[in-house]
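The structure appears below as structure tokens.
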Amino acid sequence: MSALKLMRCSSCPRLRASIGIGSVRHAASKPRHDYDLVVLGGGSAGLACAKEAADCGARVLCFDFVKPSPAGTRWGIGGTCVNVGCIPKKLMHQASLLGEAVHEAVAYGWNVNDQDLRPDWRKLVRSVQNHIKSVNWVTRVDLRDKKVEYVNSLGAFLDPHTIEYATRSGLERRQVTAEHVVVAVGGRPRYPDIPGAVELGITSDDIFSYEREPGRTLVVGAGYVGLECACFLKGLGYEPTVMVRSIVLRGFDRQMSELLAAMMAERGVPFLGTTIPRSVERQADGRLLVRYHNTATGADGSDVFDTVLWAIGRRGLVEDLHLPAAGVRTHGDKIVVDAAEATSVPHIFAVGDIVYGRPELTPVAILAGRLLARRLCVGMSEETAIELRGADNIEVLHGYYKPTEFFIPQKSVRHCYLKAVAEISGDQKILGLHYIGPVAGEVIQGFAAALKSGLTVKTLLSTVGIHPTTAEEFTRLSITKRSGRDPTPASCCS
Amino acid sequence: MNLCNSRLSVTFVRQCSTIFTSGILQNKCRLSSCSSSSSTQRNMSSGQRGSRDSSGSSGSAGSAGTAGAGGAIPFQHPHCDRAAMYEQPVRKMRTKGGTYDYDLVVIGGGSAGLACAKEAVLNGARVACLDFVKPTPTLGTKWGVGGTCVNVGCIPKKLMHQASLLGEAVHEAAAYGWNVDDKIKPDWSKLVQSVQNHIKSVNWVTRVDLRDKKVEYINGLGSFVDAHTMLAKLKSSERTITAQNFVIAVGGRPRYPDIPGAVEHGITSDDLFSLDREPGKTLVVGAGYIGLECAGFLKGLGYEPTVMVRSIVLRGFDQQMAELVASSMEERGIPFLRKSVPLSVEKQDDGKLLVKYKNTETGEEAEELFDTVLWAIGRKGLVEDLNLSNAGVSVQKDKIPVDSQETTNVPNIYAVGDIIYGKPELTPVAVLAGRLLARRLYGGATQRMDYNDVATTVFTPLEYACVGLSEEDAVKQYGEDEVEVFHGYYKPTEFFIPQKSVRYCYLKAVAERHGDQRVYGLHYLGPVAGEVIQGFAAALKSGLTVNTLMNTVGIHPTTAEEFTRLSITKRSGLDPTPASCCS
């Protein structure tokens, strides 16, 4: 997670310094506060920070509390990633890939019966939840080992150094004081402000523990959460439809985003473009009637779904923190921090998803590679590069390719595409790499390290490929967009 | 006109290749018919060499294209029927050193040779490429253009590996809740057919590509007459070819041990991918990457491989990783016969093979029955048919030594690919070296091939990939006190639900101990290893340091991100087993 790295790299030195880690503390003098550090939020960012601080000798307390979702879903320690984010998503994605693999196995000669192949949703959910619970457990044990105190409650500021919380019984309110506070409460999915949204819709907070099969699902929102959910639902044999208000994958490279949408459409995921939902009603048969409006044509429409999943964005969980009591400045539902993660109050820091609009050029933002079903990128999008450097100073190398293992099961290679965005002059420093294809995350990770090491086109093209992989296609890029030549591959091994 | 024509042909090629994957037999017929007609043309014309300017070629190519499109044979590739290309008499080139048929003759139509030939043409040279496959001694297996990688190497190996992984995936699918019956068996003949169909389609695309790129392809075995002359043995005739430059790219073939029954009863990787019967219980002799990969996919496909190891596993690779690879295979039920050498192979009446072998440490002898014996004891360079002494090219064992420009001791003769002495035998190395050589020869380029920090992957069931130095080599080069090794075990997220063993999921970074802590080598044992390591290879080439590695943001949850989470040094003695997952 980015926040974890954040703690390790940019913020930690100063945070450590200001907490007194690494310097000799006067053992005799009684500390002024109950704790050296209180961390609000037991997600990836908060836990990493708490453990790192405890490792360095600080007395650390970590608050973690999960408010149930409107549909009633709740979970344990570990935050979004472990419970309702990356981990269950990756497992569901893997499940959907394995369904595909069964069909491929037939093409490769296995005598497996792939007729009427269906997943057992309950079994899948149970397996995923069991894994999550084991991670929750390991996390608890880890905190104990690392001597981080843990309180399962919602902490809120009483003043800049005091945190108040309710005890487990809820009857009593207690207070602790801290020298430093790190706010790492993260975010939760938003709901649209339309009739029926909260009562009848669910979000990514609910889908991974959903008790019944999602069936025909309307996914509202085409950010990465929405597209990923639609992808694995399709792979599991349900029928997702994606409703897009304006554009697919805002903030990502446009060409890659459109390719990805085209790939999904080819796989049978319909997109409702320039459309917003108007209302959700439960019908007599229990299904959900969704009314929507096309903002371009002005036409109204409606359709019936089994499940409506909101994936329209996430909001920061600032509201319960009583931030004004500490004087911490917010922007909307996020917290404003400086380059060293300090908020407007010098001893209060914020990390993770709660941080407001991180400057575009920090390593974290640049390398914010997100696993997205089958697409990944590292570095700048083509648009960003052109905007920052000018079209005349940018060279884009691109190519389609054919993964060797796609041939036998005759999988579509139509959208297997990659590109490198680079400076046009000198050694042609690479600004961004983009890849659509299998195991995208595994492919891109190493290149992220390469980009950080100053990768140039010259170096990339003199890197020897590993044959036969798809990652090697990056070393074979030779056609520039400027040349107008056909980026379709010809030969395979020479 | 020319541009237009070539674009048209590209479209044609694509149509061909798509349709041809499903109808290979048909294509094969057509390919052979058109190639035989063109070779007749060539033979006819080879007698009447004269001079003719190049404008004639484009004109006749155009007319051939029209004829092809309107011709009686459906789906005629425009270049297939390009009589004109071969009608054009071989034009003697006038060069500084004399007059030759070609600027360049490439001997060997594998990855290196083809890349070099195509690039040379792109840079304006007149090029011929000789390719010839001698049938294997045991089963008489032979194949088409493209060399080892396409026909009996990386491609079929990766496909068989993929097939074995998919078998595993079916079991995993059941664990994830799919209603699939996972009592499954592979259909060997269907698999072989699918693999061979793919290979044939690649052969076809390769042929077409050569034609498009105007490389003259000669299906013949070449041997040197002198440093500028080659005699090519064709199917039923001979042809003398002169060239200013030669590139030797003949590659290698598997070795057989010198024991009774080896050649008669044993097979090699040259035969395995087109074997017309199930391999059954298989003895794989040799624990290099080829042996381990074959044993790995055979096990995954449900056969019973045994690996016989003379001395060490994966010689030349990091030995800690090599032993982990071997252990991970043993865990999957592949027995290893250590310190053992085969003595003889006898065929029994029931067709089974009796293998006698000896433990070189204890001196004990033993025997066991197998259905198949696969030799994977190494590869030899194919120098013997080249008559290199006629050209004055010196050899070292069965390989050819070259300088940093891939030049042999004879200045107009070069060598690339597996035939070079002391360089990694890998397709992408061969391709890049061949291409760079052509650019230096005909494009005025100066860039040399850098054989350092070449990444590679061993496609065992749990894959192993590495780039840069092994731990041993780093210690040897820099001294133990100057090398820091970061390492860790890890647990791939997707392994949990099907309860796959994570015991051997391990990675390490070998780095400089002081100063910038430059990374010397990275090693990874786990799923999709090749895909994971490739980017890091580019990073190593860009001067990756430990600091940069650890400050690289991980992509969560992937296994590749584990490299960014490495924090435990071997020197510290701390437990490299992972604790938490996401924080």
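The values are calculated or read from the model by the stated rules, or taken from the named source; none is laboratory data. Everything numeric in this text was worked out from a predicted model, so none of it was measured. A quick note on method: Cβ atoms are made from the backbone with ideal geometry, for glycine too, and the neighbour counts reach across all protein chains shown.
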Note to self: Quick check on my filter: what residues within segment B:160-194 are surrounded by 21 or more Cβ atoms within 10 Å (Cβ to Cβ), touching a residue at least 40 places away in the same chain (Cβ under 8 Å) and at the interface with chain A (Cβ under 7 Å from one of its Cβ atoms)?
What the structure shows: B:Ala163, B:Gly167, B:Glu172, B:Tyr176, B:Pro186, B:Leu191
Note to self: Can you say whether B:Ala430 is of a type outside the set (S, T, N, Q), at pLDDT 95 or above, under 18 Å from B:Ile533 (Cβ atoms) and buried (at least 24 other Cβ atoms within 10 Å of the Cβ), as far as the supplied structure shows?
What the structure shows: no
Note to self: Regarding segment B:525-542, can at least one residue be identified that is away from chain A (no Cβ under 13 Å) and either in contact with a helix residue (DSSP H, G or I) (Cβ under 8 Å, 6 or more places away or on another chain) or free of Cβ contacts under 8 Å to residues at least 12 places away in the same chain (or both)?
What the structure shows: yes
Next item on the list: For residues that are closer than 30 Å to A:Trp110 by Cα and among the aliphatic types (A, V, I, L, M), scanning just segment A:388-436, find the one that is surrounded by the most Cβ atoms within 10 Å (Cβ to Cβ).
Entry: A:Ile436
Next item on the list: Go through segment B:328-373 and tell me which strands (runs of 3 or more DSSP E), entirely inside it, have 1 or more residues that are within 30 Å of B:Tyr524 (Cα to Cα).
Entry: B:340-347
Next item on the list: Consider B:Val284 carefully, then state whether it is buried (at least 17 other Cβ atoms within 10 Å of the Cβ), among the β-branched types (Val, Ile, Thr) and either assigned to a strand (DSSP E or B) or at positive phi (or both).
Entry: yes
Check: Any residue at all in segment B:482-496 that is among the aliphatic types (A, V, I, L, M), within 12 Å of chain A (Cβ to nearest Cβ) and over 18 Å from A:Val378 (Cα atoms)?
Finding: no
Check: Being more than 19 Å from A:Thr203 (Cα to Cα) and polar (S, T, N, Q), is that true of even one residue in segment A:260-282?
Finding: yes
Next item on the list: State whether the residues of segment B:441-455 include one that is surrounded by 21 or more Cβ atoms within 10 Å (Cβ to Cβ), in contact (Cβ under 8 Å) with a residue 24 or more places away in the chain, touching a Ser or Thr at 6+ places or on another chain (Cβ under 6 Å) and not in a helix (DSSP H, G or I).
Entry: no
Check: Taking B:Val225 and the conditions (1) aliphatic (A, V, I, L, M); (2) more than 10 Å from chain A (Cβ to nearest Cβ); (3) out of contact with any Phe, Trp or Tyr (no Cβ under 8 Å at 6 or more places or on another chain); (4) within 21 Å of B:Ala438 (Cα to Cα), which numbered condition does it fall short on, given that it satisfies the others?
Finding: (4)
Next item on the list: Read through the list (1) more than 30 Å from B:Phe336 (Cβ to Cβ); (2) among the β-branched types (Val, Ile, Thr); (3) touching a residue at least 60 places away in the same chain (Cβ under 8 Å), then give the number of the only condition that B:Thr240 fails.
Entry: (3)
Margin query: Which of the numbered conditions does B:Leu507 fail, given that it passes all the others? Conditions: (1) more than 7 Å from chain A (Cβ to nearest Cβ); (2) surrounded by fewer than 24 Cβ atoms within 10 Å (Cβ to Cβ).
Written below: (2)
Next item on the list: Could you identify the single residue in A:Val421, A:Val413 that is modelled with pLDDT of 95 or more and more than 7 Å from chain B (Cβ to nearest Cβ)?
Entry: A:Val421
Item checked: Matching residues, segment B:141-159, being at negative phi and part of a helix (DSSP H, G or I) -> B:Thr148, B:Cys149, B:Val150, B:Asn151, B:Val152, B:Cys154, B:Ile155, B:Pro156, B:Lys157, B:Lys158, B:Leu159
Notebook entry, point to check: Pairs, please: C-beta under 9 Å, at least 6 apart or cross-chain, first residue more than 15 Å from A:Tyr210 (Cα to Cα) and in segment A:124-135, second of a type in the set (Val, Ile, Thr)?
Noted result: A:His131/A:Ile87; A:His131/B:Thr493; A:His131/B:Ile497; A:Val135/A:Val82; A:Val135/A:Ile87
Notebook entry, point to check: If you check B:Ala262 against the conditions, is it in contact with a Phe, Trp or Tyr (Cβ under 8 Å, 6 or more places away or on another chain), more than 22 Å from B:Ile413 (Cβ to Cβ), modelled with pLDDT of 95 or more and crowded, with 24+ Cβ neighbours inside 10 Å?
Noted result: no
Margin query: Can you go through B:Glu561, B:Glu512 and tell me which one is within 8 Å of another protein chain (Cβ to nearest Cβ) and in contact with a helix residue (DSSP H, G or I) (Cβ under 9 Å, 6 or more places away or on another chain)?
Written below: B:Glu561
Check: Can you name every residue in segment A:107-123 that is without any contact (Cβ under 8 Å) to a residue 40 or more places away in the chain and in a helix (DSSP H, G or I)?
Finding: A:Lys123
Notebook entry, point to check: If you take the residues of segment A:462-487 that are more than 7 Å from chain B (Cβ to nearest Cβ) and in a loop (DSSP other than H, G, I, E, B), which of them is nearest to A:Asn393 (Cα to Cα)?
Noted result: A:Arg482
Item checked: Answer residue from segment B:399-409, given it is buried (at least 16 other Cβ atoms within 10 Å of the Cβ) and in contact (Cβ under 8 Å) with a residue 24 or more places away in the chain and is nearest to B:Lys134 (Cα to Cα) among those -> B:Ile400
Item checked: Residue list for segment A:68-92, restricted to those being among the charged types (D, E, K, R) and either under 16 Å from A:Val138 (Cα atoms) or touching a residue at least 12 places away in the same chain (Cβ under 8 Å) (or both) -> A:Lys89, A:Lys90
Next item on the list: Quick one: which strands (runs of 3 or more DSSP E) lie wholly within segment A:285-383 and hold at least 2 residues that are over 24 Å from A:Ala230 (Cβ atoms) and at pLDDT 85 or above?
Entry: A:348-350
Notebook entry, point to check: Can you tell me which of B:Glu216, B:Glu278, B:Glu293 is more than 14 Å from every other protein chain (Cβ to nearest Cβ) and of a type in the set (D, E, K, R)?
Noted result: B:Glu216
Next item on the list: Might you let me know whether segment A:438-461 holds any residue that is more than 8 Å from chain B (Cβ to nearest Cβ), surrounded by fewer than 24 Cβ atoms within 10 Å (Cβ to Cβ), modelled with pLDDT of 95 or more and part of a loop (DSSP other than H, G, I, E, B)?
Entry: no
